[in-house]
1. Any idea which residue in segment 20-41 is surrounded by the fewest Cβ atoms within 10 Å (Cβ to Cβ), counting only those that are polar (S, T, N, Q) and either out of contact with any Gly (no Cβ under 6 Å at 6 or more places or on another chain) or at pLDDT 95 or above (or both)?
2. Is it the case, given these coordinates, that VAL100 is open to solvent by less than 50 Å² (accessible area, probe 1.4 Å), over 20 Å from TYR182 (Cα atoms) and at pLDDT below 95?
3. So the check is Cβ under 7 Å with 6+ separation or different chains; which pairs have a first residue in segment 189-214 that's basic (Lys, Arg) and a second one that's assigned to a strand (DSSP E or B)?
Amino acid sequence: MSTCATASRNGAEPLAGTSATARTWLLIEQTGPWGAKALTDSHLDPGLGRALNAAADGTGVRIALIRRPGRHADCHGVSRRRLFLAHTAPGRSWVRTTTVTDPGAALGLDFAALGAGEHHGIWEPHSGDPLVLVCTNGKRDRCCALLGRPLAAELAAAGIDTWEVTHLGGHRFSPTLFLLPYGYAYGRASAHLVKSAVEAARSGRIVLEHCRGRSAWDRPAQAADLAVRARIHEDRADALDVVRVEALPPAPDATPAGSAGPSWGVTVAHTDGRTWQVTVEQRTDGAPAPASCGAPLLPPARMAVISLTAADPA
């Protein structure tokens, strides 16, 4: 079995708490080939790519390139291209879109406000079906091309609003994808799973199977959210929110050196008033796996839920 297939099919490593982290996403349509660092290594002007990276730095906005599935003509003269903005925080998620002739117009965005979830009425609301973004950048990791592109093509053929995207992290979980507006990521995905997730998203729900977490939160919070959902069988996307994350001091009876890392106390709240305290620890005691295709085998850092306790009502 190839390294790519091994990386994608290795079910030993948990998926929870592995999503890329960003509260807000800026997605820019760019046809043609993508390099490993697509914003500066594609047919997007590299100077613009560097300027966009600088403008978004530290704001909570993540930028990626997108394109429709299929053959990607080597077009330098694209006349019009689609842009999306998406905020993924619970209860405040939104997707806005526009079409531009000059992607440099994105430099005029208020990145700090967008990262905080404020769009100030810019562009038009996206009113169509949920957006599916499938990672397909083979120059970043060949698993994403070999496994992601066929999935993206199959979804598009089924009438699902699908885009290829440059980078979602977690190549070893290919095919990986991201679903908007709620911002939940999935790994080791199949077309059947994605169709179920899209159908659920239409009614404000998520599918927990193969879910990596919600990008609005850092990874400990992603793992805590999914653990509470599994405990109480909650699939409504905005029913839960993470209201606090604090680093915890090392426990005196910590697991052997090298297998345990930092830990966090995460408070998860339900819209009905219930809360849970979740302890999450970073561990490296899983079976060795490649971080990406062709990479050496190393113990992956995973988010382990150590305890989950319902808080006493006030």
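1. Result: THR21.
2. Against the criterion (open to solvent by less than 50 Å² (accessible area, probe 1.4 Å), over 20 Å from TYR182 (Cα atoms) and at pLDDT below 95), VAL100 does not qualify.
3. The qualifying pairs are ARG205/ARG236; ARG212/ALA185; ARG212/TYR186; ARG214/TYR184.
Table: residues versus (1) surrounded by fewer than 20 Cβ atoms within 10 Å (Cβ to Cβ); (2) modelled with pLDDT of 95 or more; (3) of a type in the set (D, E, K, R).
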position	(1), (2), (3)
HIS76	yes, no, no
ARG80	yes, no, yes
LEU85	no, yes, no
ALA89	no, yes, no
HIS119	yes, yes, no
GLU124	yes, yes, yes
GLY128	yes, no, no
ARG149	no, no, yes
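Every residue, every condition in (1) in a loop (DSSP other than H, G, I, E, B); (2) of a type in the set (Lys, Arg), yes or no:
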| residue | (1), (2) |
| --- | --- |
| HIS167 | yes, no |
| ARG172 | no, yes |
| ARG188 | yes, yes |
| VAL198 | no, no |
| ALA216 | yes, no |
| PRO220 | no, no |
| ALA224 | no, no |
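The values are calculated or read from the model by the stated rules, or taken from the named source; none is laboratory data. Everything quoted here is computed from the prediction, not taken from an experiment. Positions of Cβ are generated from backbone atoms using ideal geometry, with glycine treated the same way; all protein chains shown enter the neighbour counts. All accessible areas refer to the heavy atoms of the entire protein, side chains included, with ligands and DNA or RNA removed. Shrake-Rupley method; radii C 1.70, N 1.55, O 1.52, S 1.80 Å.
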